[in-house]
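One structure is given below, encoded as C-alpha cells.
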C-alpha cells in the first residue's frame, strides 16, 4: 500500500470540497483512497468542534471511530447502567476487568470535569455528525475486554501491583490541576498521558494498550469501504496508525484479538496446591489416624473461613455474604476454577444490589476512602478483593499446618 501523508490539508476530488485543517488532521493517500486521520484529546472541546467540522465539510464515504461496541454503547446510552447485569459479570469472572475499566474512566472524568467536557465527547460527536450526514459509522477499536485482559495477562505480578497502586494513587490525588497543565492536556490523548507517567516501567502494558491497538485500528481503517474516509482517534495513536497503514499487518490480527490462555505452569500450580492438601490429609489419616486427620480438616476450614469472613466484615458485607465467605473459602481454596471473592461478590449483589444512582456516581465515589464503603457497587468490589485476600491467607496458613503435621 503506497501512502502519502500530509499534516494539515485535504484536497478533495469530484464533489469533495477543498479545505485547510489544523495540524490535528493528518491526510493519508493511497492510490485513489484518502484517509483523514484526526488526532483528538478525549477531554477537549476543540476536538469536538474539529471532528464535527471535518465530517460536515467532507461528507466522507465512512467514519471510523476509536471505539468498540461496548464503549460506544456506554457513551451513547445514558441508561446503560440500568442494563448492566452484575450477576452476569461475576458469573463470567469479569469483575476485575470492570473494576479497572471504572478506575480508568474515573481518571478521565476527573480531567474532563476540570476542562468542562465529558470524556470521549469528540467520539460521540463524530458518530452524531456521521449520522446527520447519513455516513456509515465503523467502530475500529478492539474490544475493551480483550484489551484489558491481554494487558493483565501480559504483566508480571510485581508490575500488576505497581499498576494498581498507580491507579489508586491517581484516584485519591486531590491536587488541583493547574491551568497551564490543563492547556497541555488539551493537546494530548489521556490514555497516552497516563502511560507516559508510568514511563518505561510498564512496557508490556504499552505494547497491549497502545501498539497492538494501533495495528488493529490501522487494519480496520484499511478495510473500511469507500474512497474517502475520516478516522477519529486519540492523538497518541496517530503516529502508530500512520506507520501501520503503510505496512499491511493483517497476519497479526488473529494473535492480537486472542486472550492468551493460562500458562501450563500456572495451571499445574493451581491444581497442585489442592492436590497436595488433599493428598496430605489422606496420608495423615493413614499414618496418624482419622482423629488427627479430622483435626487438620477442621483447622483448614477455620484457617480459610475466618480470614475470608473477616474480609467480608471489613467490607461491611451483608451477614449472609459473611456467612457465605466462611463456608465458601475452605472449598474454593481447593479448586482453581473459582475463588471465594467471586462467590461472595455474587451473594453481596443478591442481598444488597447497587441502585442506578450508585452506578452513576461510582467515578466520584471511588476518589474518597469513605466512598468505597458508601457506594454499594464499590462495596461489591471490596467484598471481592478482601474476601479473596483473606482466603489466600487462609490457604497459606492452613496448608502450612497440614504439611507440618504430616512431616512431624
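If you check residue 392 against the conditions, is it at pLDDT 90 or above, surrounded by 23 or more Cβ atoms within 10 Å (Cβ to Cβ) and within 17 Å of residue 309 (Cβ to Cβ)? Against the criterion (at pLDDT 90 or above, surrounded by 23 or more Cβ atoms within 10 Å (Cβ to Cβ) and within 17 Å of residue 309 (Cβ to Cβ)), residue 392 does not qualify. Checking 328, 317 one by one, the residue that is over 22 Å from the mean Cα position of the chain (by Cα), closer than 20 Å to residue 298 by Cβ and surrounded by 21 or more Cβ atoms within 10 Å (Cβ to Cβ) is 328 and no other.
Residue-by-condition table, conditions (1) within 20 Å of residue 65 (Cα to Cα); (2) surrounded by 15 or more Cβ atoms within 10 Å (Cβ to Cβ); (3) out of contact with any helix residue (DSSP H, G or I) (no Cβ under 7 Å at 6 or more places or on another chain):
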residue: 222; (1), (2), (3): yes, yes, no
residue: 245; (1), (2), (3): yes, yes, no
residue: 250; (1), (2), (3): yes, no, no
residue: 257; (1), (2), (3): yes, no, no
residue: 280; (1), (2), (3): no, yes, no
residue: 287; (1), (2), (3): no, no, yes
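For segment 248-282, a tally of residues being in a helix (DSSP H, G or I), without any contact (Cβ under 8 Å) to a residue 40 or more places away in the chain and within 28 Å of residue 393 (Cβ to Cβ) returns 9.
A Cβ distance below 8 Å, combined with a sequence gap of six or more or placement on separate chains, defines the contacts here; from segment 389-408, residues that are assigned by TED's automatic domain parsing to the domain that holds residue 340 and in contact (Cβ under 8 Å) with a residue 60 or more places away in the chain reach residues that are surrounded by 17 or more Cβ atoms within 10 Å (Cβ to Cβ) and not in a helix (DSSP H, G or I) in the pairs 391/333; 391/339; 394/333; 395/333; 398/333. The residue list 271, 316 contains one member that is touching a helix residue (DSSP H, G or I) at 6+ places or on another chain (Cβ under 9 Å) and in the same structural domain as residue 385 (by TED's automatic domain parsing), which is 316. Taking (1) in the same structural domain as residue 155 (by TED's automatic domain parsing); (2) surrounded by fewer than 17 Cβ atoms within 10 Å (Cβ to Cβ) in turn, residue 236 satisfies each apart from (2).
The values are calculated or read from the model by the stated rules, or taken from the named source; none is laboratory data. Computed from a predicted structure; not experimentally measured. Neighbour counts are summed over all protein chains in view; Cβ atoms, including those assigned to glycine, are modelled from backbone coordinates with ideal geometry.
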